[in-house]
Amino acid sequence: MNQTFPPGLYIVATPIGNLSDLSPRAAATLAGVDLILAEDKRVTAKLMHHIGAKVPMRAYNDHSDARARDEVLAMLPAKAVALVSDAGTPLISDPGYKLVRAARAAGLNVQTVPGPSAPIAALALAGLPTDRFLFMGFLPAKQKARRDAIAEVKSLRASMVLLESGPRLGACLADLGDLLGPRDAAVVREISKLHEEVASGTLSELAERYADAGPKGEIVIVIGPPPEAAAASDDDLDVALDEALTRLTPSRAAKEVAEALNIPRKRAYARALERSGG
């Protein structure tokens with residue numbers, strides 16, 4: 001049993017580009033555990049060579065099944081096991097959440113060694129609102145499924161963070177621009193590496209920029225929230241209510257119009273009663 005690190009699961013964030021971003025605590029953890037669960041052992045081997053440590057590794061990725069998870073769980077009462085992804089924070093668009101959930105349910109020791117995360121780094125670089133954001137991972141590769149996923153969140157008043165590959169970047173940006181409108185956005189790539197780049201503009205401008213050929217490297221798209229809608233005027237309210245009242249009771253008409261115009265239901269209902277003579 002490892003005496004430095006108590007038995008359990010250690011979720012260790014690794015660099016997303018620059019190996020110097022590995023924290024001292026992360027390096028010590030990776031060097032001191034009994035086993036490392038790696039998304040790709042070849043990638044993690046380079047990191048271990050960088051810190052001058054050798055620790056047994058085992059592949060643990062999207063293809064790992066319940067049997068592999070149970071084998072790891074059986075080790076945790078006696079061994080310190082680190083979970084890493086190829087880059088960044090494990091479980092963020094990477095495998096592992098089922099293992100963490102099962103370990104916690106079994107009452108086993110689970111700790112995190114936080115560090116680099118591409119979505120958070122991209123948010124910091126993009127220069128867009130960060131007080132509220134949605135991380136969507138990779139959108140579907142097929143266009144219809146991708147557009148359906150975008151449509152589900154188009155009304156959300158928050159910034160969005162997506163991951164994408166170079167070959168699909170132009171098509172993805174075109175669909176985003178078509179469905180979300182002229183929002184401010186940024187394409188951030190190769191974070192912390194030699195050729196780090198941030199391209200800013202509207203979604204349509206960025207779609208045009210990358211229409212012919214997507215860039216190489218790891219890519220994050222950051223999209224700003226929708227612009228604030230102008231407050232509905234009394235004339236807007238009256239027009240909407242007059243149409244709704246031809247189909248609905250004042251109460252139902254007020255509810256429908258209040259939701260459509262994003263105004264208080266009380267205001268819509270009072271006006272509906274006036275327009276209906278109620």
**Request:** Consider Val188 carefully, then state whether it is hydrophobic (A, V, I, L, M, F, W, C), over 27 Å from Asn18 (Cβ atoms) and either out of contact with any helix residue (DSSP H, G or I) (no Cβ under 7 Å at 6 or more places or on another chain) or surrounded by 17 or more Cβ atoms within 10 Å (Cβ to Cβ) (or both).
**Result:** no
**Request:** Could you list, in sequence order, all residues of segment 94-107 that are surrounded by fewer than 16 Cβ atoms within 10 Å (Cβ to Cβ) and of a type outside the set (Lys, Arg)?
**Result:** Tyr97, Ala105, Ala106, Gly107
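Here are some residues: Val220, Val198. Which one is within 20 Å of the chain's Cα centre (by Cα), at pLDDT 95 or above and buried (at least 20 other Cβ atoms within 10 Å of the Cβ)? Show your work before the answer.
On the way: Val198 fails: buried (at least 20 other Cβ atoms within 10 Å of the Cβ).
Of the residues listed, the single one that is within 20 Å of the chain's Cα centre (by Cα), at pLDDT 95 or above and buried (at least 20 other Cβ atoms within 10 Å of the Cβ) is Val220.
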**Message:** Step by step: first the residues of segment 55-77, then only those that are out of contact with any strand residue (DSSP E or B) (no Cβ under 9 Å at 6 or more places or on another chain) and basic (Lys, Arg), then the one that is nearest to Thr29 (Cα to Cα). Which residue is that?
**Reply:** Arg69
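Here is a yes/no grid of residues against (1) of a type in the set (Gly, Ala, Ser); (2) touching an Asp or Glu at 6+ places or on another chain (Cβ under 9 Å); (3) within 18 Å of Gly201 (Cα to Cα):
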| residue | (1), (2), (3) |
| --- | --- |
| Asp94 | no, yes, no |
| Leu99 | no, no, no |
| Ala102 | yes, yes, no |
| Ala106 | yes, no, no |
| Asn109 | no, no, no |
| Ile120 | no, no, no |
| Phe133 | no, no, no |
| Lys154 | no, no, no |
| Ala171 | yes, no, yes |
**Message:** Need pairs with beta-carbon distance below 9 Å; first residue within 16 Å of Tyr10 (Cβ to Cβ) and in contact (Cβ under 8 Å) with a residue 60 or more places away in the chain and within segment 98-109, second assigned to a helix (DSSP H, G or I) and β-branched (Val, Ile, Thr); sequence gap 6+ or separate chains.
**Reply:** Leu99/Val72; Ala103/Val72
**Asked** So Glu256 clears everything in (1) surrounded by 16 or more Cβ atoms within 10 Å (Cβ to Cβ); (2) among the charged types (D, E, K, R); (3) at pLDDT below 95; (4) closer than 28 Å to Ala141 by Cα except one condition, right? Which one?
**Response** (4)
**Complete:** Conditions (1) part of a strand (DSSP E or B); (2) touching a helix residue (DSSP H, G or I) at 6+ places or on another chain (Cβ under 7 Å) -> Lys98 fails only (1)
**Prompt:** Condition test on Arg132, is it modelled with pLDDT of 95 or more and more than 15 Å from the chain's Cα centre (by Cα)?
**Reply:** no
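The values are calculated or read from the model by the stated rules, or taken from the named source; none is laboratory data. In this text, all values refer to a predicted model and were calculated from it rather than measured experimentally. Note that we place each Cβ from the backbone using ideal geometry, even for glycine, and neighbour counts take in every protein chain shown.
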